[in-house]
Amino acid sequence: MTPARTRTALALTLACTPLLIATAAHADPACGTPAVDAVFATVHTDAVTHLELKWATTVVDSPAAAAWDEPDVVVPATYKTVTVVDKAAWDETVVDKAAWDETVVDKAAWDETVVDKAAWDETVVDKAAWDETVVDQQAWWETVVDQQAFQQFVVTRPAMTYRVNQWQYRNIFGHVLYTEWWREGTSPSGSGWSLTGNWYYQTDPAQGYWAYVPAVTHQVFHPAETHVVHHDAETHVVTHDAETHVVTHDAETHVVNHPAETHVVNHPEVNHEEQVVDVAEHSVPGEHHDAVAEVSHQEYQWAAQSPGEAWVQTEESRIVTDSAASDTQVLVTPASPAGAPCPPAVAPPAVAPPAVAPPAVAPGAGDHGDGGIGAGGSANSRNGNGNGTSPAKAPAVSAASAVPVLAHTGADGAGELLALGGLLVLAGAGAQRVARRRG
């Protein structure tokens, strides 16, 4: 049998089996039938596997690099800011109002002055307060001497140290007549001269001239030095007299001395900031980098096919299980309860044959499908004939209602269907095994 036919037969078996089992389970057991336990069959499913190979590839973590030196780094000069105090902070006492005497009326004259409205002072601002920037010193340029002018000796011939040897002159009798000193490499002319062995070193000083080297200067700009003078508002007090009417009594007064009103102005320190060299410009040698070897590692991957061109097959392989083998319990025949006790048999009463033949279809022939009682029939009949007007006639049975007919005619249709379902399940399981082995 081909795999296609095997799968078709298995599908039909598995499709028909539940229908047969369900039909048998719902059929009423025959009277007097004992209870039947459910029957199961074990269907074995083989494991599904596939072969995987081990592949390897080389992954470069870091490439090789030759040794190299970084260039020297020129560190520029750094500067710092210093604060130069031009003028120290100082306090100034400013007189806002001079001392003055006030005559205060304690009690009006005996002709009493009744104050209808008290006197009051009004401060009138003649000129608002303002700040004035006062220039203490105008901005100016200063020539700063970095190096004073000086006389420098220029050498045209450096100092020389050489050896001086002593020579003596002898006459024909061997007497020394006179001696002379000559520089190494030179000698007196004429015969009769010889070295005495005495010598010394002489140093001639360097020769040259004195040259004038001018001073090295640079210009420094000094901004103007200023300070801010705060001017208070200029005001005057307008005294408004009290509005009174006089009751003739002499006034009683006393004089109140008011001291001068002053305030202190704090003048801050006057200074300026200058930039000076903190660290001069210098060079830092570049860092040396040694040669670096290539670093790599091996990576592995399990796959049935090559993952790519960079992968190489190793000698290792493995079997991978896609699905494990299993045993499944399949219901062959369900359990059925015991049938009810059978009723005692009752003989039907004798009925005389009718004088006239019955019609072709008696209206009271009965419902053979559900075992009902036909017209004039007995309720004790189980086969559904109804015992109507024609008790000797058997009901017509179609092929489509074979199972109900077995149940109603008294045959053990449930047992036969359960046995047939079990056979179909076992046949389907065997066909599935054969198909998997051949596939």
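Derivation of every value follows stated rules applied to the coordinates shown; laboratory data play no part. All figures in this text were calculated on a predicted structure; none of them were measured in a lab. Quick reminder, even Gly has a Cβ in these numbers, built from the backbone with ideal geometry, and neighbours come from all protein chains shown.
How big is segment 150-213 by the Kirkwood estimate over distinct Cα pairs, in Å?
Details: mean 1/r = 0.0695 Å⁻¹.
Here the Kirkwood hydrodynamic radius works out to 14.4 Å.
Each residue of segment 289-297 in order: what ³J(HN,Hα) in whole Hz does its phi give by Karplus 6.51 cos²θ - 1.76 cosθ + 1.60, θ = phi - 60°, with x for Gly and Pro?
Values, residue by residue: 10, 6, 5, 10, 7, 5, 10, 9, 8 Hz.
Below 15 Å, Cα to Cα, which aspartates and glutamates can K87 reach? Residues fewer than 8 away in the same chain don't count.
Here the aspartates and glutamates satisfying the reach criterion relative to K87 are D136, E225, E269, E273.
Can you classify segment 249-325 as rounded, prolate or oblate using the Cα gyration tensor, where a ≥ b ≥ c are the square roots of its eigenvalues, rounded means a/c under 1.5, and otherwise it's prolate if a/b beats b/c and oblate if not? Please report the intermediate quantities before stating the final value.
Working: a/c = 12.42, a/b = 2.72, b/c = 4.56.
Oblate, because a/c is 1.5 or more while a/b does not exceed b/c.
May I ask for the net charge around V115, where only other residues with Cβ less than 11 Å from the Cβ of V115 are counted and Lys, Arg are +1 while Asp, Glu are -1? Could the numbers behind the result be given before it?
On the way: positive: K117; negative: E112, D116, D241, E243.
With Lys, Arg at +1 and Asp, Glu at -1, the net is -3.
For W210, W55, W140, what ranking results if the residue with the fewest other Cβ atoms within 10 Å of its Cβ goes first? Walk me through the intermediate numbers first.
Numbers: W210 8, W55 20, W140 11.
Neighbour counts put them in this order, fewest first: W210, W140, W55.
Enumerate the calculated ³J(HN,Hα) couplings along segment 40-57 in order (Karplus 6.51 cos²θ - 1.76 cosθ + 1.60, θ = phi - 60°), each rounded to whole Hz, writing x wherever the residue is Gly or Pro.
Coupling constants for segment 40-57: 10, 10, 8, 9, 8, 10, 5, 6, 10, 10, 8, 8, 10, 9, 9, 10, 10, 8 Hz.
Could you order the peptides 48-54, 308-314 from most to least packed, using the average number of other C-beta atoms within 10 Å per residue? Walk me through the numbers before you get to the answer.
On the way: 48-54: 13.0, 308-314: 11.3.
Ranking the peptides 48-54, 308-314 by packing returns 48-54, 308-314.
Just add up the charged neighbours of A280: K/R +1, D/E -1, any other residue whose Cβ is under 15 Å from the Cβ of A280. If you can, show how the numbers build up before the last one.
Numbers: positive: K80; negative: D146, D278, E281.
Residues close to A280 contribute a combined charge of -2.
If the cut-off is a Cα-Cα distance under 26 Å, which lysines reach K97, setting aside same-chain residues fewer than 8 apart in sequence?
Once the sequence-local lysines are set aside, what remains near K97 is K127.
Students often forget the sequence filter, so: which lysines lie under 24 Å Cα-Cα from K107 once same-chain residues fewer than 8 apart are removed?
K117
So for segment 277-317, Kirkwood radius off the Cα pairs, Stokes-Einstein at 10 °C and 1.306 mPa s: how many µm² s⁻¹?
On the way: Rh = 16.3 Å.
Result for D is 97 µm²/s.
Taking H placed 1.01 Å from N in the peptide plane, check which residues at least 5 places from A109 or on another chain put their amide H under 5 Å from its amide H.
For A109, whose amide H was placed from the backbone, the distant partners under 5 Å are H249, A251, E252.
For segment 177-187, take each phi angle, set θ = phi - 60°, evaluate the Karplus expression 6.51 cos²θ - 1.76 cosθ + 1.60, and give the result in whole Hz per residue in order, putting x for glycine and proline.
Using θ = phi - 60°, the values come out as 8, 6, 10, 9, 9, 10, 5, 3, x, 10, 7 Hz.
Can you pull out the GluC sites (Glu not before Pro) in segment 264-299 that DSSP calls coil and that have at most 12 other Cβ atoms within 10 Å?
Qualifying residues, ordered by number: E269, E281, E287, E294.
I need the per residue convex hull volume for segment 32-109, using only the alpha carbons, in cubic angstrom as a whole number. If you can, show how the numbers build up before the last one.
Details: hull volume 48.8 nm³, N = 78.
Cα convex hull per residue, to the nearest whole number: 626 Å³.
Quick one: Cα convex hull volume of segment 180-237, Å³ per residue? Spell out each step's value before the answer.
Values: hull volume 12.2 nm³, N = 58.
So the per-residue hull volume is 211 Å³.
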